[in-house]
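Contents: one structure, followed by commentary.
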Amino acid sequence: MPFSKTIQMFIFEGNPNGRIMCELSNWNGRVYKISRNELLEFSQRDDAENTGVYFLFGKDEENNDTVYVGEAEKMFSRLKQHLKDSEYWNDCIAVISKDNLLNKAHVKYLENKFYLLAQNAGRAVVINNTIPTCSSVSEYDEAMLQEFINNAKLLVNTLGYKVFDTIEDTVVKHSNTEQYFFIKAARGADAKGLMVSDGFAVMKGSVIANSTVQSMSDSLNKLRNSLIKKGIIDGNFKLTRDYIFTSPSLAAAIVMGRNANGRTEWKNAEHKSIRDIEES
């Protein structure tokens, strides 16, 4: 059973859109959120040159979320080098050890694992040119580093970046169990989905309608075409991976090829809609 956690958060200069420092009770890690424009202010921290891993967040030309995963023996010095890069990033998360006990092998291991987590979650385009090398570490260090990863993921998520969260991490459970919902409708629509904390996930292998009705809104058509262009929906109108929509209605509309109320269209195996369950 998961335990509750106590998070300490320090907001520099009282600006929630600026620099933020996060810690967990009884953990030797520390997480900083820093905007590109405030990187020089970060250099004034005593631990700015500690060893750790970092994540650079931005948008690509098609407005997709992007992330770069890196490691640093001297954090500020490494981040400063990225200021010379083209402006593919706006915000940075730096994860360090307060006692600076992480060594080069540790952070190479962490870099590889966070890279794989981001790839597996599929919430952002990972823009590293190569897969980071995974260092060999002892069983003792591996256990310590896995705890470090879990705690860092929690704080990164708390700061608003869900880039490492999979469907399983965010699924909303009813009576402690996952509950699937289904749509089987006109023009071949046959889909399965789950309620998640940040919307509604339609599962890999689900089939959307092979055409849309004339009254379907331009914004929905644009999203549908974008998913097809990106390969998330293939030539057989099948989802190639799990995909999270911002709401059940948006998910239902893409699946059915028309405007739809997802809270009544999605039904579980007992033919109860999301609305039925919410109001019961």
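Results, tabulated for the structure shown:
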quantity: Column: log10 I(q)/I(0), Debye, Cα scatterers of the range 100-186, q = 0.13, 0.21, 0.25, 0.26 Å⁻¹; calculated: -0.56, -1.09, -1.29, -1.32
quantity: Percent of C-alpha pairs per 10 Å bin, the range 225-280, short to long; calculated: 22, 45, 26, 6, 0
quantity: Ellipticity estimate at 222 nm from DSSP helix runs (n ≥ 4, -39,500 (n - 2.57)) divided over the chain, nearest 500; calculated: -8500 deg cm²/dmol
quantity: 19 Å Cα cut-off, lysine pairs counted over the range 148-254 (separation 8 or more, or different chains); calculated: 15
quantity: Whole-number D in µm²/s for the chain (Stokes-Einstein; Kirkwood sum over Cα pairs; 25 °C, 0.890 mPa s); calculated: 118 µm²/s
quantity: Where labels lie 7 Å past Cα in the beta-carbon direction, separation of residue 221 and residue 10 in nm; calculated: 5.4 nm
quantity: Phi-based couplings in Hz for the range 64-76 (Karplus 6.51, -1.76, 1.60; Gly and Pro marked x); calculated: 7, 5, 10, 9, 10, 9, x, 10, 8, 7, 10, 4, 4
quantity: Rough spin-label spacing in nm, given labels placed 7 Å along Cα→Cβ, for residue 214 and residue 28; calculated: 7.0 nm
quantity: In Hz, Karplus ³J(HN,Hα) per residue of the range 38-45 (6.51, -1.76, 1.60; θ = phi - 60°; x = Gly, Pro); calculated: 10, 4, 5, 5, 4, 4, 7, 6
quantity: Amide hydrogen neighbours beyond the local backbone of residue 266, cut-off 5 Å, H modeled; calculated: 274
quantity: Nearest-0.05 FRET efficiency for residue 59 and residue 103, computed from C-beta distance (R0 41 Å); calculated: 0.75
quantity: Convex hull per residue volume in Å³, alpha carbons only, for the range 17-124; calculated: 111 Å³
quantity: Note, ³J(HN,Hα) from phi for the range 52-60, Karplus 6.51, -1.76, 1.60, rounded to Hz, x at Gly and Pro; calculated: x, 10, 8, 9, 9, 10, x, 10, 9
quantity: Dipole of the chain, positive direction: furthest Cα of 25, 40, 160, with charges on the beta-carbon; calculated: 160
quantity: Extension gain from residue 238 to residue 157, taking 0.36 nm per residue of separation minus the Cα-Cα distance; calculated: 26.2 nm
quantity: Volume in Å³ per residue [convex hull over Cα atoms, computed for the range 144-232]; calculated: 148 Å³
quantity: Cβ crowding within 10 Å averaged over residues, with 201-209, 42-50 ranked highest first; calculated: 201-209, 42-50
quantity: Residue 257 long-range amide H proximity, modeled H, under 5 Å; calculated: 209
quantity: Long-range amide H partners of residue 126 with built H, under 5 Å; calculated: 67
quantity: Mean shadow area of the range 169-279 over all directions, Cα convex hull, nm²; calculated: 6.8 nm²
quantity: Pair-distance profile P(r), taking every C-alpha pair of the range 31-187, with 5 angstrom steps and integer %; calculated: 2, 8, 17, 20, 19, 14, 8, 5, 3, 2, 1, 1, 0
quantity: Most to least packed among 121-133, 243-255 [average Cβ atoms within 10 Å]; calculated: 243-255, 121-133
quantity: Length gained when the stretch residue 186-residue 85 is fully extended (0.36 nm per residue, less Cα-Cα span); calculated: 31.5 nm
quantity: FRET efficiency, 1/(1 + (r/R0)^6) with R0 25 Å, evaluated for residue 130 and residue 36 via beta carbons; calculated: 0.60
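Values in this text are rule-based calculations from the coordinates and carry no lab data. Note that the coordinates shown come from a computational prediction; the quantities given were computed from them, not determined experimentally. Glycine gets a Cβ as well: all are built from the backbone with ideal geometry, and neighbour counts include every protein chain shown.
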